[in-house]
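Undergrad: Quick one: the structure is below, questions incoming.
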Amino acid sequence: MENYILYEEVGKGSKSVVYKGRRKGTINFVAILRVDKSKRPEITNWVRLTHNIRHKNVVTYHEWYETSNHEWLIVELCTGGSLETVIAQDDHLPEETVRDFAIGIVSGLNYIHKLGILFCDLTPRKILLDGPGTLKLTNFSLSKAEGENLEEFFAMIGLEESPTEIGESTPRKKQRNRKKGSPVYAAPEVIKGADFSIASDIWSLGCILYEMFSGQPPFFSESFSELIEKIISEDFRPPQGPAGTKPSEDFLALLNSLLQKDPQKRITWSELLRHPFWRDAFSDSDAACPNVSNQRVKNESFLKSDSIEVSEISIASERTSGSLQKSFKIENPADLRPKSAMNEESNESIFLLSSCSTLRPGTATEKNPADIINMQHNIEMTKGEELCPPQDLQSKIKDLLFIDADLIVTPVIDNPKIMKPLPLRFDVKTLGLPALSAEKLVLLKEQDWDNFLTQICSLMDSAEKAGPRVKLNLLSYLCSVASNKETSTRLINSQAFPLLIQHMRGAPNWDVRAKLLRVLGLLAAHATELNESVPVIEAISLLTEMVRDNFRNSKLKQLLLPALGELIYAVAVQEEKKEHSRESWNIPLAAYTVLMRCLREEEEPVIHHMTSKIIENVCTTKTSQVQGFITGDIGPSLWSLFNHSTVDSLRISAISALCRITRHSPAAFQSVIEKVGLGSVISALVTGIAKVQQYMLTMFSTLLSSGIHLQRLTQEKEFVTKIVRLLESPSTGVRAKTFLLILQVLMNNKEMLLLCCQTRLVMYIERDSRKATPGKEQQSMNEYLSGCLNLLIYHIVGVLPGILGEIITALSNVSGRKHPSATQTKHLKMCIPNMTIVLHLVTSQIFRPQILTEDFLYKFSNLLDQIKSVDTGETNLEGAVGQAASDELIRTALSVIEAVTQHPALLTLHHSPEHQDNVIGNVIQSAILLLYNMVARKETNMKLLYEQGLVHHISNMIVETAALYLDVDDKSRLKTTNAQLVLLLDILHCMLKYTTDVVRLVMQAQRSGQGGDPQTAEDLLLVNQPLTDLMSLLIQLLPSEDLDIYENTSQCLKLMVQLYGGDNQDSMSPDNMESFAQVLLSKREPTQQKLLLRVIKRLITSNEKHLESMKGEGDFLIQTIKRLAQDASLNADVAVASLALEVLRTVGH
């Protein structure tokens, strides 16, 4: 996702911005489109139609990305702008230029037509020019496959993306608006309501050629109604070119044939390519359309994030033109998923900006202020949130297993995803009663309504004599009004419903029966209330009998099943409303039997789909009607439909039905796992589209919640690993249900928490816990995600103390033992790796504020005490678990300490005076002692410690601890501070000693002619140089009354001045020279005096500034050294006297 450099903005639309970009590591420039998320269906359509197209006159698609707010489309960069811009700039183009430009447009358009793609909205704005001037078609967002319903495609995309918002009954205004193009270039038949076609694209081509020559479209008006009238009725004016030039006869003839209002008379492709205007430019039959067999190139950068699978959306039509065949059902399900930015926290900064300097990881020494602000915000947010600690976690989980999105009901009857519904037409003149609309029928008064019903019944009876055509006309009218809820409710509860059943029995032919079935089905589907007197069971029994009698006739079953399914579902809904079962509405067992027979493999997909949808709908309710579907074969049967069907909507209905059956009987999903194997089910989960994953995660959670397959699922590492990976999905619903499933796994097997942490669970939790502002359409799903996350966080926070306690217990059991027992060793091997869990949680912004409690700090202090005994060799942990595991435990413990100390604001919450020494002091002191034991060991890899920032951390801790030590007003913590300072000075001495030894060895090797590695010594000196900032502080500590502090300080100073001389400019400040004088007066041991004199000598001989400082402001120190020289002479201490005289001579005394 960071593969591209983003340059300047090159274009902008109402919901999109186009940038110039470059693929990193190459000189390949591209166009990067940032498109609003609401345009996801259009971008999906663009990608699925063009991802395999490679033609010089079609803009090449490269790849696409998805972030939280936008889609990012990477396509070929065209630097020449759009044809619209060229026309606006030049006003008119010469006919020769029009011909040259048009050849490219015609070549590209003919190519996509031969692939079966209709452009549908061909305008100058959607034709771009590259640098050399080649014209290219772009923006296929409103294009489609020939014969395809683009409205249904967009609706399906919307349903996949936001299942809680879009149902079958949702108005399609938004989808209809999407497929509208520019009316200026639309063909007359399209204006009148006909579908787009090759002929309509050819009309648009004619409009563009006309506009290139004349500077304006052939039909134009500021008034929309006038524009429509012109396109439909008026002829275009003869075009005029530059300076009033007229078109050639060939060009005018071409325009006339292109802009022919009757599509049947409009020029065809074969005629168009042979037209004399082109001057034999298309004489080669393949010139406009190269061989497609080479076009199905695999894009090496196809995407792998779990997004909506466009590949699962089938394009119904497959067009054959000549030797070309092209299906837009994608062969590889992974091909058209957008790359997701979820691993990069879904931010919008997925491309590197060319104007920004970007630090490489690890080079920054300070935190970005924005990061600090964000961290503080997240801490406050988490503390302020109620984690909803449940009294019964399991009951909370059960409340979250199924949400509204899992229980959407769509009709069986007239469902275009199952079978395209037949159009409803009736003749008003021969109807025999006023053809009132459904809305007007609702407004009828009771008396008028009764009269209307009387008319219907009378006409139904009289139609028997008049013939089937009259009855069909009346039934068609009833179908047209039955889709209204209020009208259908009144009709189904009237005498008309029994009459319809009666006529069903005596219908003269299946044409009449089909129409009666449709009326019955629509009434049942849309009625909101059923009276007990409605003979609905009689209707179900009749339809069941008819299905059974015509079971081998698939066409008749296709007529019967929708009405049967709607009636059964209507009964179930009414029972659920009344909250008690009506004995008069018991569904006959025969109905369930025939429906279960319809699930057999030999049935047609349409029958399978209808049956699955019936089961799906009925099992949405919690009623007795569900029990008829719960059989031993129902799970495997539905799974077989899902697994083997090639109809995508059928697969979704089958898995949805199985999910809803599992809600009532988890054994249904259990039988699937036992029959096909857990591996196959997991594979289907991982590779499924977002909606399928959501259903399958729900079934797994339901299974675990019921206690089935607990041990098998919660101990299967592959299962857990693949589940965690689903958190990369861009679907909020999938991630929410994944968190819920992980929670149940951890509740039943806490050992899986380590595996989850290793597979980045904490990172995923952090990402989804950030309160990004969601759109309204996502609000409910984000609330659901938040609920699942809160339960998971609550559980993990609750189990951490137990994990920490087990580690402490395991270590304390072997404390002081040189040879742990086999049982103790086994316990250690189980517990010690869990230290990684502690580190993951402590370093998490979400978990840290909740786990850093006083209890945690006490326990961790005890843990460090145990680790100290391991590090000192008192406890033989290496013998039990191996050196690698022992070292890893120590390193992890140190990392935890580092993470804790980086957030003092949290520590102050548990920093009361009575607890400060024994809580904070013990933890920090234990960590420092642990670090000292590491740096003091010769076998320790110091390079690794330096890379982890050893110099920086030690310097800061010495400064802070020394400040406490020198604070004369606060002596309450003197003992703790002394001990801590001594340890830190010990560490500093070890670091300086290590550096000194390395430098000495290199120098000795060079003197002896053995070479040595001076670069290593120089690098080490450079890394440690910041320690010289401590020199002035160390001098201030010299007068300390604590002998350990004095000893460590003087030794550190000795090594520091040997290595760096007087690099610190404040070393010989007046205060520091006074400190030297005090110490020289108080220390009577010659060894101590010699060390201090050597330090002073090194400082003034290595830095001229220090020498001048001592000469000018060091009288007290000079007098002290004179006195020391006299005393040493008297005591015959030649070494001290000699060093003192050397210092005095250097300063001119």
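The values are calculated or read from the model by the stated rules, or taken from the named source; none is laboratory data. Since the structure is predicted, the reported quantities are computational estimates derived from the model, not experimental observations. Cβ atoms come from the backbone with ideal geometry, glycine included; neighbour counts cover every protein chain shown.
Undergrad: Look at Glu1047 and say whether it is out of contact with any helix residue (DSSP H, G or I) (no Cβ under 7 Å at 6 or more places or on another chain) and either among the aliphatic types (A, V, I, L, M) or not assigned by TED's automatic domain parsing to the domain that holds Gly1148 (or both).
TA: yes
Residues checked against (1) farther than 20 Å from Leu1038 by Cβ; (2) in contact with a Leu (Cβ under 6 Å, 6 or more places away or on another chain); (3) at pLDDT below 90:
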residue: Gln1088; (1), (2), (3): no, no, yes
residue: Lys1097; (1), (2), (3): no, no, no
residue: Asn1103; (1), (2), (3): no, no, yes
residue: His1106; (1), (2), (3): no, yes, yes
residue: Lys1111; (1), (2), (3): yes, no, yes
residue: Arg1123; (1), (2), (3): no, no, yes
residue: Asp1127; (1), (2), (3): no, no, yes
residue: Asn1131; (1), (2), (3): yes, no, yes
residue: Ala1135; (1), (2), (3): yes, no, yes
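Undergrad: Go over the candidates Val672, Val686 one by one and state the one that is touching a residue at least 40 places away in the same chain (Cβ under 8 Å) and either surrounded by fewer than 16 Cβ atoms within 10 Å (Cβ to Cβ) or assigned to a helix (DSSP H, G or I) (or both).
TA: The unique qualifying residue is Val686.
Undergrad: Given the criterion part of a loop (DSSP other than H, G, I, E, B) and at pLDDT below 85, identify the matching residue among Pro416, Pro389, Pro434, Pro411.
TA: Within the list Pro416, Pro389, Pro434, Pro411, the selection yields Pro389.
Conditions tested, residue by residue: (1) over 23 Å from Pro434 (Cβ atoms); (2) out of contact with any Asp or Glu (no Cβ under 7 Å at 6 or more places or on another chain).
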site: Asn473; (1), (2): no, no
site: Ala482; (1), (2): no, yes
site: Ile492; (1), (2): no, yes
site: Gln495; (1), (2): no, yes
site: Leu500; (1), (2): no, yes
site: Pro508; (1), (2): yes, yes
site: Lys515; (1), (2): no, yes
site: Gly521; (1), (2): yes, no
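Undergrad: Still on this structure, please answer the following. If you go through region 653-662 one residue at a time, do you hit one that is among the small types (Gly, Ala, Ser), in a helix (DSSP H, G or I) and within 23 Å of Lys398 (Cβ to Cβ)?
TA: Yes, some residue in region 653-662 is among the small types (Gly, Ala, Ser), in a helix (DSSP H, G or I) and within 23 Å of Lys398 (Cβ to Cβ).
Undergrad: Go through region 825-891 and tell me which helices (runs of 4 or more DSSP H), entirely inside it, have 2 or more residues that are of a type in the set (Asp, Glu) and over 24 Å from Arg760 (Cβ atoms).
TA: Hits in region 825-891: 854-871.
Undergrad: Let me confirm something: among Ser729, Ser705, which residue is under 21 Å from Arg663 (Cβ atoms), among the hydroxyl-bearing types (Ser, Thr, Tyr) and at pLDDT below 95?
TA: Ser705
Undergrad: Using the structure shown, decide if Ile43 is among the aliphatic types (A, V, I, L, M), assigned to a helix (DSSP H, G or I) and either crowded, with 20+ Cβ neighbours inside 10 Å or under 19 Å from the mean Cα position of the chain (by Cα) (or both).
TA: Criteria met by Ile43.
Undergrad: What are the pairs with Cβ atoms under 9 angstrom where one residue, in region 827-846, is on the phi < 0 side of the Ramachandran plot and the other, located anywhere, is among the β-branched types (Val, Ile, Thr) and outside any helix (DSSP H, G or I)? Sequence gap at least six, or different chains.
TA: Note: pairs meeting the criteria are His827/Val814; Leu828/Val814.
Undergrad: Among (1) modelled with pLDDT of 80 or more; (2) crowded, with 21+ Cβ neighbours inside 10 Å; (3) of a type in the set (Gly, Ala, Ser), there is one condition Ala885 misses while meeting the rest; what is its number?
TA: (2)
Undergrad: Please specify each residue of region 1010-1064 satisfying the condition of being surrounded by 15 or more Cβ atoms within 10 Å (Cβ to Cβ) and not in a helix (DSSP H, G or I).
TA: Once the filter is applied, which keeps residues that are surrounded by 15 or more Cβ atoms within 10 Å (Cβ to Cβ) and not in a helix (DSSP H, G or I), region 1010-1064 yields Gly1012, Leu1038, Pro1039, Ser1040, Asp1042, Gly1061, Gly1062, Asp1063, Asn1064.
Undergrad: Let me confirm something: among Thr687, Thr714, Thr698, which residue is among the β-branched types (Val, Ile, Thr) and more than 23 Å from Ala654 (Cβ to Cβ)?
TA: After ruling out the rest, the residue left standing is Thr714.
Undergrad: Can you pull out every residue in region 526-564 that is within 18 Å of Phe497 (Cα to Cα) and not hydrophobic (A, V, I, L, M, F, W, C)?
TA: His526, Thr528, Glu529, Asn531, Glu532, Ser533, Pro535, Glu538, Ser541, Thr544, Pro562
Undergrad: Within region 494-546, restricting attention to residues that are farther than 20 Å from Trp585 by Cβ, in contact (Cβ under 8 Å) with a residue 40 or more places away in the chain and part of a loop (DSSP other than H, G, I, E, B), which residue is farthest from the chain's Cα centre (by Cα)?
TA: Taking the candidates together, the pick is Pro508.
Undergrad: Having 3 or more residues that are surrounded by fewer than 18 Cβ atoms within 10 Å (Cβ to Cβ) and either at pLDDT 75 or above or assigned by TED's automatic domain parsing to the domain that holds Leu1034 (or both) is the bar; report the helices (runs of 4 or more DSSP H) wholly within region 918-1006 that clear it.
TA: Helices (runs of 4 or more DSSP H) meeting the threshold: 942-947, 950-966.
Undergrad: If you take the residues in region 232-253 that are closer than 29 Å to Glu189 by Cβ and among the charged types (D, E, K, R), which one is surrounded by the most Cβ atoms within 10 Å (Cβ to Cβ)?
TA: The qualifying residue surrounded by the most Cβ atoms within 10 Å (Cβ to Cβ) is Asp250.
Undergrad: Within region 619-643, can you find the residues that are surrounded by 19 or more Cβ atoms within 10 Å (Cβ to Cβ), over 36 Å from the mean Cα position of the chain (by Cα) and of a type outside the set (A, V, I, L, M, F, W, C)?
TA: The answer is Thr623, Gln625, Gly628.
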